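Notes follow the structure.
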Amino acid sequence: MGPQHPMTHGLWNLRIKVDGETIVDAEPEIGYLHRGYEKIMEVREFQKNVVLTDRLCYVSSITWSHAYCLACEELMDVEVPPRGQYLRVITLELQRIASHLMWLAAYGPDLGLLTALLWALRERELFLDLLQLISGARMNQNWPRIGGVRNDAPPDFDQYCRKVIAHFRKKMDEYANVFEQSKLFQVRTVGVGRISREDAMDWGVTGPNLRACGARIDLREMDPYDAYPEIEFEPAVARDGDSYARYKVRMEELKTSCDLIERALDKLPAGPYRAKQPRRAEGEAFRRTEDSRGEALFYVIGDGDDRPYRVKIRSPIFSTMFAAPLMMRGNKVADVVAIMGSIDVCVGEIDK
Amino acid sequence: MAGDGEFLAALRDRFGAALRDLSLVRDRVIRLAIDRKDLVAVCKFLKEKFDVEHVTCITAVDWRDHFESVYHLTSWKRNVMIQVNASIPHDDPRIDSITPLWNGANVHEREAYDLMGIVYDGHPNLTRILLPKDYEFHPLRKDFPQELDRQYVSRRKIGGG
């Protein structure tokens, strides 16, 4: 299946070995979108790479550039001012909601529910508007900076946020009615693409896909960064490890993100939003964050110059993709779409 | 954290002479540097004694005079991250694979092989993963040139290499 198959959401190929209709084995084949990110970043200055990392995944660009900025701050020993930290949390969660809605918009049509596409994109646009309000761009915002964020929030930003969230909460109940009470949706997802918790950990699955197996592993809680330790929240967890559990976790996360945004807005301190950063750095540092898809890690090495000596990008879906054959074995060919859709593939970050 | 000291002491007891560096980077993050021959022993020890269950990533670094294979290993149960830097001579880029210990290492080792050309001995399927199968180079090596003239790069940098 692929690289030009409607289910692939990007360019990648899946080789499937079948016995009749049953999948015996599968092997993903990637690399169609390889742009040599890690090499390009070696000749560009630290600050200039922020705009590149945005484009790792256009669906959740802020989470990626933010992860890169965190790693650089660790390397350069820069402390982000509190207001910058809170603004980051707010935009990260807005971006997470937009990303999960994009997933929902892609996943619905995979299962034949075209309503999902229209509804999720409609609500996503509201969150993209908020991001546009604060950063000036719908996508590829280029918003986090090493040492803080690019600009302060516009006046009345919190009121716009609260209004959108209140509206979105009502819509989420509608979503739940449409999907969870749909027989079709249940048949296509419940019990399909199951993976055990041990297998998932062994193969390096992270993020919502791991939390769907019953593991309470959320890096916002376990290895907190920015203002996350000061804001209470409960990570979403589901038990079954099938496609339906992955759907449930993401829907719960939408609610968690709404709560997080509201709490961060309540606590948003005044003051500077960006710290000065040095241009040069030496040594090595890494930071990991909870991306919308799992554990994102940047490992940056500096050799005293104003550009990194080596940058390593750890993409969560890169590992998850190769755990997908475990989910698929024993299922039918028709379920491939339902399974691969449920893990939320983003080829931009896999291929780097 | 109380757990960190226990980690460091246990590692020092077991691998005292083999460790080139053992330090606490920050809370819950430990860094150790070893030679390539001790890698599997160290990883097995970490897996059995410290419940390391997740390979976050494997990075290959070209230091011009030697290579380094950097492992970021995570124990979810204890919430600790361990960075292992294993050094590899430049003229013989081989190191033992840790895929037999964690399946998650599989793709990361393939990626490091693909882009940096380090051979992971004992890997079940060490083939190119991102680049085409018939590609001849390992582009992340420092002797693989960049197209500098097509990007904006300051003059000072071009002069300095």
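The values are calculated or read from the model by the stated rules, or taken from the named source; none is laboratory data. This is a predicted model, so every value here is computed, not measured. All Cβ positions, glycine included, derive from the backbone under ideal geometry; neighbour counts span all protein chains shown.
Quick notes on this structure:
- Set side by side, the residues B:G161, B:G122 differ, and just one is over 20 Å from A:L52 (Cβ atoms), more than 9 Å from every other protein chain (Cβ to nearest Cβ) and at pLDDT 85 or above, which is B:G122.
- Candidate set from region B:46-58 (those that are charged (D, E, K, R) and more than 7 Å from every other protein chain (Cβ to nearest Cβ)); member that is surrounded by the most Cβ atoms within 10 Å (Cβ to Cβ): B:K47
- Complete set of residues in region A:142-171 that are aliphatic (A, V, I, L, M) and surrounded by 16 or more Cβ atoms within 10 Å (Cβ to Cβ): A:I146, A:V149, A:A153, A:V164, A:I165
- Looking at region A:95-204, the helices (runs of 4 or more DSSP H) lying wholly inside it that each contain 1 or more residues that are over 24 Å from A:A227 (Cα atoms), within 14 Å of another protein chain (Cβ to nearest Cβ) and of a type outside the set (G, A, S) sit at A:197-202.
- Matching residues, region A:208-242, being more than 12 Å from every other protein chain (Cβ to nearest Cβ), touching a residue at least 60 places away in the same chain (Cβ under 8 Å) and part of a loop (DSSP other than H, G, I, E, B): A:D226, A:A227, A:I231
- Here A:M321, A:M340, A:M328 are screened, and the one residue that is away from chain B (no Cβ under 14 Å) and either modelled with pLDDT of 90 or more or under 20 Å from the mean Cα position of the chain (by Cα) (or both) is A:M340.
- Residues in region B:59-78 that are small (G, A, S) and closer than 16 Å to B:R31 by Cβ were compared, and the one that is surrounded by the most Cβ atoms within 10 Å (Cβ to Cβ) is B:S69.
- Search result, residues across region A:165-211 that are at positive phi and in contact with a strand residue (DSSP E or B) (Cβ under 8 Å, 6 or more places away or on another chain): A:G204, A:G207
- A:D303 being more than 13 Å from chain B (Cβ to nearest Cβ) and more than 24 Å from A:S61 (Cα to Cα): no
- Unmet criterion (only one of (1) in contact (Cβ under 8 Å) with a residue 12 or more places away in the chain; (2) within 9 Å of another protein chain (Cβ to nearest Cβ); (3) more than 19 Å from A:G204 (Cβ to Cβ)) for B:R26: (1)
- Meets criteria (more than 10 Å from chain A (Cβ to nearest Cβ) and under 26 Å from A:L210 (Cβ atoms)) for B:S69: yes
- Scan region B:116-125 for residues that are within 13 Å of B:A60 (Cβ to Cβ) and either in contact with a helix residue (DSSP H, G or I) (Cβ under 9 Å, 6 or more places away or on another chain) or part of a loop (DSSP other than H, G, I, E, B) (or both) and the total you get is 4.
- All conditions but one from (1) part of a strand (DSSP E or B); (2) more than 10 Å from every other protein chain (Cβ to nearest Cβ); (3) in contact with a Phe, Trp or Tyr (Cβ under 9 Å, 6 or more places away or on another chain) apply to B:R78; the one that does not is (1).
- When region B:81-115 is filtered for residues that are within 10 Å of chain A (Cβ to nearest Cβ), in a helix (DSSP H, G or I) and not acidic (D, E), the ones remaining, listed by number, are B:A105, B:N106, B:V107, B:H108, B:R110, B:A112, B:L115.
- Total residues in region A:10-57, condition loosely packed, with under 15 Cβ neighbours inside 10 Å and within 19 Å of the chain's Cα centre (by Cα): 1
- Only one entry of B:W76, B:W63 meets the criterion of being aromatic (F, W, Y) and out of contact with any strand residue (DSSP E or B) (no Cβ under 8 Å at 6 or more places or on another chain), and that entry is B:W63.
- Tally of residues being more than 24 Å from B:W102 (Cα to Cα) and in contact with a strand residue (DSSP E or B) (Cβ under 6 Å, 6 or more places away or on another chain) across region B:116-147: 2
- Scanning region B:1-37 for residues that are surrounded by 18 or more Cβ atoms within 10 Å (Cβ to Cβ), in contact with a Phe, Trp or Tyr (Cβ under 7 Å, 6 or more places away or on another chain) and either among the charged types (D, E, K, R) or more than 27 Å from B:H66 (Cα to Cα) (or both) gives a single hit, B:F7.
- Residue within region A:57-75 that is over 30 Å from A:M251 (Cβ atoms), modelled with pLDDT of 85 or more and away from chain B (no Cβ under 13 Å) present: yes
- Matching option when the condition is touching a Gly at 6+ places or on another chain (Cβ under 6 Å) and at negative phi, among B:V61, B:V119, B:V55: B:V55
- Any hit, region A:25-40, residues being in a helix (DSSP H, G or I), farther than 30 Å from A:H167 by Cβ, free of Cβ contacts under 8 Å to residues at least 12 places away in the same chain and of a type outside the set (D, E): yes
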